[in-house]
Amino acid sequence: MVKTVAIIGAGISGLGAIKACLEEGLEPTCFERSDDIGGLWRFTTSVCRLEKHTDFPVNGQWLVTTESNGVKKADIFDAVMVCTGQHAKPAMHLENLPGIDIFKGKVLHCREYKRPIGFDGKQVLIIGMGNTGVDIATELCTKASQVYLSCKTGVWVFQRLGKGGLPFDLGFLRRSFDWINNIMPPAVSRWMLKKYMNDQFNHDLYNIQPEGTVWREPLVNEELPSRIMSGSIMIKQRVKKFTETSVHFEDGSVVENLDIVILATGYEYSFPFLDESIIKKDESKGSFYKKIIPLGIEKPTLAFIAFILPIGPTMVVAELQSRWATRLFKGLHKLPDPVGMREEMQRDEQRRKKWFATSENNFRRTNYISYMDDLATDIGVRVNIWKLFLTDPVLAWKVVFGPCNSYQFRLTGSGKWDGAREAIMTQWDRIEKPLSTRVVKKKTKSNLLSYITWILWAGILILAMFLKG
């Protein structure tokens, strides 16, 4: 029976894993190689090796070898949770950049970038138009003489502030929106999303409109359009080649006297402390059941937490993953047989291809709400929405039409929290609180328009369900 659990990494997912272990009566030991947070469980040990114990086929135990101040130590644990993240090994992809080896300027990966110091008056090329690349570009363009942003296929851009000046994800990550999104034909949903984003600004006008009909994952940045409009950021096509001092693009344009190249080309997942026989890398379909448990392992006592790319906050997902894993360790829910696992993963792959562009490493991409509901169902903490409408309609309304957060998975089942209902009912008060720095007398206004809006939403949802049926 599992009792002791090794947690590798004391970041936000590692701390959540500690909490999940304690809730289930397990004994966690957290290993962290840096001097960062970790509290009582933090050891300034580095994990050198994680391998199966000699009796693993029987008891599923692991041998964890750590090093501290040059001294190595081996300990036996009943289970292991890997919480090291997925952004440890930079992906340079220099083979796709002909001539980069003769370029005399500075070349660095975005992981090396900390702050905009040393870029004054420089010409900078950023390759890669994800969140990191665009954030660096919008910051650097106030210091550099010119920033160029190379983009292969274009990208959709969400602005952080949505309707009414509130964070856009408060409106986007709602069950009502998710239900409609899943019920509607994909082409209609994509059209609606594209229209919403082009209503913010015309992506085609700014030369960043994604090509083709397949949905591309968006990035979040509100400064990019104004920086492009001002000319401080110039969007360029794919790089064709480098020379000693210049870069040539596929459209024939050339930038001379280039000083710095920043590669915002992502990361490769890597677990150097694990034998390759345990983790079989499959970039296209993945090798983790529920994106947590490695396929083919004899005993499911090894879990990977936050090794996922949800369209939503990773922290909320990581907490539920940890709760799912600890209850699996204790035998409180079971895995299907190997055939059942692969069939379920195939269905997941079909859903992923339905919504997201198929590209390398994209198997970690998933729907935020649907994925969490799936985990919550396995461990009995998914709230019955329709029953809730009968027993507590006000709370049900908040759950369906309000932001989907971790409180919703503390309303019932194991780990139930008595304060979950109150937290959901008062979440808007906490959202508004930081903005109330200048207290003024507010005019009383009618809520009629708000009620009409919610009624229309409910009507659309019912109609969509009727048409789908």
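The values are calculated or read from the model by the stated rules, or taken from the named source; none is laboratory data. This is a predicted model, so every value here is computed, not measured. In this analysis, Cβ positions are derived from the backbone assuming ideal geometry, glycine residues included, and neighbour counts consider all displayed protein chains. Only protein heavy atoms, including side chains, enter the accessible area calculation; ligands, DNA and RNA are left aside. Shrake-Rupley method; radii C 1.70, N 1.55, O 1.52, S 1.80 Å.
General observations
- The dipole here belongs to the chain: it is taken about the Cα centre, uses +1 on the Cβ of Lys and Arg and -1 on the Cβ of Asp and Glu, and is about 1360 debye.
- As a length-normalised measure over Cα pairs under 8 Å and 6 or more apart, the relative contact order of the chain settles at 18 percent.
- Across the chain, Cα-Cα distances exceeding 30 Å account for 55% of all pairs.
- Mean accessible surface per residue for the chain, computed with a 1.4 Å probe while every protein chain stays in place, in Å²: 52
- Placing Met184, Met234, Met1, Met229 in order of accessible area, with the largest value first and a 1.4 Å probe, yields Met1, Met229, Met234, Met184.
- Share of pairwise Cα separations in region 1-157, more than 28 Å, in percent: 45
- The spread of Cα positions in region 287-340, taken along each principal axis and listed from longest to shortest, comes to 31, 22, 16 Å.
- A cut-off under 14 angstrom between Cβ atoms defines the neighbours of Ser322, and their net charge, with Lys, Arg +1 and Asp, Glu -1, is +3.
- Dipole axis of region 237-389 (+1 Lys, Arg; -1 Asp, Glu on Cβ), positive-most option in Ile278, Val381, Ser246: Val381
- Share antiparallel - DSSP beta bridges, the chain, percent rounded to 5: 40
- For region 316-328, backbone phi angles converted through the Karplus equation (6.51, -1.76, 1.60; θ = phi - 60°) give residue-by-residue couplings of 5, 5, 4, 5, 5, 4, 5, 5, 4, 5, 5, 6, 5 Hz, Gly and Pro being listed as x.
- Placing a label point 7 Å from the Cα of Arg115 along the Cα-to-Cβ line, the residues of region 138-162 whose backbone N sits under 17 Å from it are 139-144.
- Among the protein heavy atoms of the chain, carbon and sulfur supply 54% of the accessible surface, probe 1.4 Å, non-protein parts ignored.
- Length gained when the stretch Thr54-Arg347 is fully extended (0.36 nm per residue, less Cα-Cα span): 101.9 nm
- Computed extension gain for Lys72 through Lys280, at 0.36 nm per residue and net of the alpha carbon distance, reaches 72.1 nm.
- Legend: calculated FRET efficiency, His333 to Met425, from the Cβ-Cβ distance at R0 = 25 Å, rounded to 0.05, equals 0.25.
- Cα shape, region 169-273, gyration tensor, a/c 1.5 rule: prolate
- The length gained on full extension between Leu193 and Asn207, counted as 0.36 nm times the residue separation minus their Cα-Cα distance, comes to 3.2 nm.
- As a calculated quantity, the FRET efficiency between Thr245 and Glu23 at R0 = 41 Å, using C-beta atoms, amounts to about 0.10.
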